[in-house]
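Peer 1: Pasting a structure here, questions to come.
The values are calculated or read from the model by the stated rules, or taken from the named source; none is laboratory data. It should be emphasised that the depicted structure is a prediction, and the values quoted were computed from it without experimental measurement. Heads up, the Cβs are rebuilt from the backbone with ideal geometry, glycines too, and the neighbour counts pull from every protein chain shown. When the accessible area is computed, the model is the full protein with side chains, heavy atoms only, and any ligands, DNA or RNA have been set aside. Shrake-Rupley method; radii C 1.70, N 1.55, O 1.52, S 1.80 Å.
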Amino acid sequence: NAGVTQTPKFRILKIGQSMTLQCTQDMNHNYMYWYRQDPGMGLKLIYYSVGAGITDKGEVPNGYNVSRSTTEDFPLRLELAAPSQTSVYFCASRYGVNEQFFGPGTRLTVL
Amino acid sequence: KQEVTQIPAALSVPEGENLVLNCSFTDSAIYNLQWFRQDPGKGLTSLLLIQSSQREQTSGRLNASLDKSSGRSTLYIAASQPGDSATYLCAVYRGGVDSGAGSYQLTFGKGTKLSVIP
């Protein structure tokens, strides 16, 4: 199993551009999550999904959108990028009440 | 609202020392607690998962305990090595039984940054 994979690893965006962060898991996990991590601020949940076709907002959803059309994929869309979205983004997945696994992260800079 | 606190925020120890990292949480209605390790510039690696019905879990030099009634968990690292230097995070999971705020989500502490000095 590859586990949780994320692409790209790094990206630089200009203000106002849009992009999609990709996340795929091959463990048949039902729950998937997107977090952002800013220095000294800990992890903050952006969106999560409890299954294909079901998503819900986390703590900091503004400026982001998600979709979950398959069990494996949970892309995060950034519309109209702003400097405040400069962060490291982590995708994660779990099956029920079992262990949660994280991807390696995407480092995004908005200039 | 569940709050998770980790003390100390940073810890520096000489190589070979045994050490304990602390985690406390305010709401005891949890399914499980998970300890993670994060190296600089990297993602989170799962170390140990303790279900709410368990008191402890062991993996190699690591031993994690859980006292749900007092809202505390400890991560014990034996015979510390420089390679153990990292930030250690604990997180609690409440599941989605009542679909209240925080359902299906992990609540994280801010971590303890450990430095093991050779």
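Peer 1: Being modelled with pLDDT of 95 or more, touching a helix residue (DSSP H, G or I) at 6+ places or on another chain (Cβ under 8 Å) and on the phi > 0 side of the Ramachandran plot: is that true of A:GLY63 here? If you could, list the steps in order and put the result at the bottom.
Peer 2: Values: modelled with pLDDT of 95 or more: yes; touching a helix residue (DSSP H, G or I) at 6+ places or on another chain (Cβ under 8 Å): yes; on the phi > 0 side of the Ramachandran plot: yes.
In short, yes.
Peer 1: Given the residues A:ALA92, A:ALA81, which is the only one that is in contact (Cβ under 8 Å) with a residue 40 or more places away in the chain, open to solvent by less than 10 Å² (accessible area, probe 1.4 Å) and more than 12 Å from chain B (Cβ to nearest Cβ)?
Peer 2: It is A:ALA81.
Peer 1: Could you check region A:26-69 and list, in sequence order, the residues that are among the β-branched types (Val, Ile, Thr) and open to solvent by less than 50 Å² (accessible area, probe 1.4 Å)?
Peer 2: Of the residues in region A:26-69, the ones among the β-branched types (Val, Ile, Thr) are A:46, A:50, A:54-55, A:60, A:66.
A:ILE46, A:VAL50, A:VAL60, A:VAL66 - these are the residues of region A:26-69 that are among the β-branched types (Val, Ile, Thr) and open to solvent by less than 50 Å² (accessible area, probe 1.4 Å).
Peer 1: Also, I was wondering about something else. If the Cβ limit is 7 Å and pairs must be 6+ apart or interchain, which residue in region A:1-20 that is within 15 Å of A:GLU72 (Cβ to Cβ) pairs with which residue that is of a type in the set (A, V, I, L, M)?
Peer 2: A:ASN1/A:MET27; A:GLY3/A:MET27; A:VAL4/A:ALA92; A:GLN6/A:LEU21
Peer 1: Follow-up. Can you tell me which residue within region A:1-25, out of those that are touching an Asp or Glu at 6+ places or on another chain (Cβ under 8 Å) and not β-branched (Val, Ile, Thr), is most open to solvent (accessible area, probe 1.4 Å)?
Peer 2: Ranking the qualifying residues of region A:1-25, first place goes to A:ASN1.
Peer 1: Counting only residues that are in a strand (DSSP E or B) and out of contact with any Ser or Thr (no Cβ under 7 Å at 6 or more places or on another chain), which one in region A:14-32 is farthest from B:ALA91 (Cα to Cα)? Break it down stepwise before answering.
Peer 2: Kept after step one, since they are in a strand (DSSP E or B), are these residues of region A:14-32: A:19-25, A:31-32.
Still in the list and also out of contact with any Ser or Thr (no Cβ under 7 Å at 6 or more places or on another chain): A:19-20, A:23.
Numbers: A:MET19: 30, A:THR20: 28, A:CYS23: 22 Å.
So, considering only residues that are in a strand (DSSP E or B) and out of contact with any Ser or Thr (no Cβ under 7 Å at 6 or more places or on another chain), the one farthest from B:ALA91 (Cα to Cα) is A:MET19.
Peer 1: Moving on. Anything in region A:32-53 that is β-branched (Val, Ile, Thr) and more than 10 Å from chain B (Cβ to nearest Cβ)? List them, or say none. Steps first, answer last, please.
Peer 2: First pass over region A:32-53, keeping only residues β-branched (Val, Ile, Thr): A:46, A:50.
A:ILE46, the sole residue that qualifies.
Peer 1: I'm told B:ASP27 meets every condition in (1) surrounded by fewer than 18 Cβ atoms within 10 Å (Cβ to Cβ); (2) under 20 Å from B:VAL116 (Cα atoms) except one. Can you identify the failing condition by its number?
Peer 2: Looking at each condition in turn, B:ASP27 falls short on (2).
Peer 1: Then there's this: Return yes when A:GLY58 is modelled with pLDDT under 95, out of contact with any helix residue (DSSP H, G or I) (no Cβ under 6 Å at 6 or more places or on another chain) and within 11 Å of another protein chain (Cβ to nearest Cβ) and no when it is not. First the steps, then the outcome.
Peer 2: Working: modelled with pLDDT under 95: yes; out of contact with any helix residue (DSSP H, G or I) (no Cβ under 6 Å at 6 or more places or on another chain): yes; within 11 Å of another protein chain (Cβ to nearest Cβ): yes.
Against the criterion (modelled with pLDDT under 95, out of contact with any helix residue (DSSP H, G or I) (no Cβ under 6 Å at 6 or more places or on another chain) and within 11 Å of another protein chain (Cβ to nearest Cβ)), A:GLY58 qualifies.
Peer 1: Any residue at all in region B:1-11 that is within 13 Å of another protein chain (Cβ to nearest Cβ), modelled with pLDDT under 95, in a strand (DSSP E or B) and open to solvent by 40 Å² or more (accessible area, probe 1.4 Å)?
Peer 2: no
Peer 1: Residues that are under 16 Å from the mean Cα position of the chain (by Cα), at pLDDT 95 or above, away from chain A (no Cβ under 11 Å) and crowded, with 19+ Cβ neighbours inside 10 Å: does region B:43-52 have at least one?
Peer 2: No.
Peer 1: Considering region B:73-88 alone, what residues qualify as being open to solvent by 30 Å² or more (accessible area, probe 1.4 Å) and in a strand (DSSP E or B)? Don't jump to the end; show me each part of the working.
Peer 2: As a first pass, look at region B:73-88 and keep what is open to solvent by 30 Å² or more (accessible area, probe 1.4 Å): B:74, B:76, B:79, B:81-83, B:85, B:87.
Matches in region B:73-88: B:THR74, B:TYR76, B:THR87.
Peer 1: Confirm whether B:SER70 is surrounded by fewer than 17 Cβ atoms within 10 Å (Cβ to Cβ), without any contact (Cβ under 8 Å) to a residue 60 or more places away in the chain and more than 12 Å from every other protein chain (Cβ to nearest Cβ). Don't jump to the end; show me each part of the working.
Peer 2: Details: surrounded by fewer than 17 Cβ atoms within 10 Å (Cβ to Cβ): yes; without any contact (Cβ under 8 Å) to a residue 60 or more places away in the chain: yes; more than 12 Å from every other protein chain (Cβ to nearest Cβ): yes.
The answer is yes for B:SER70.
Peer 1: Which one of B:ARG61, B:ARG37 is over 27 Å from A:TYR89 (Cβ atoms), open to solvent by 10 Å² or more (accessible area, probe 1.4 Å) and touching a helix residue (DSSP H, G or I) at 6+ places or on another chain (Cβ under 9 Å)?
Peer 2: Working: B:ARG37 fails: over 27 Å from A:TYR89 (Cβ atoms).
Just one listed residue meets the conditions, B:ARG61.
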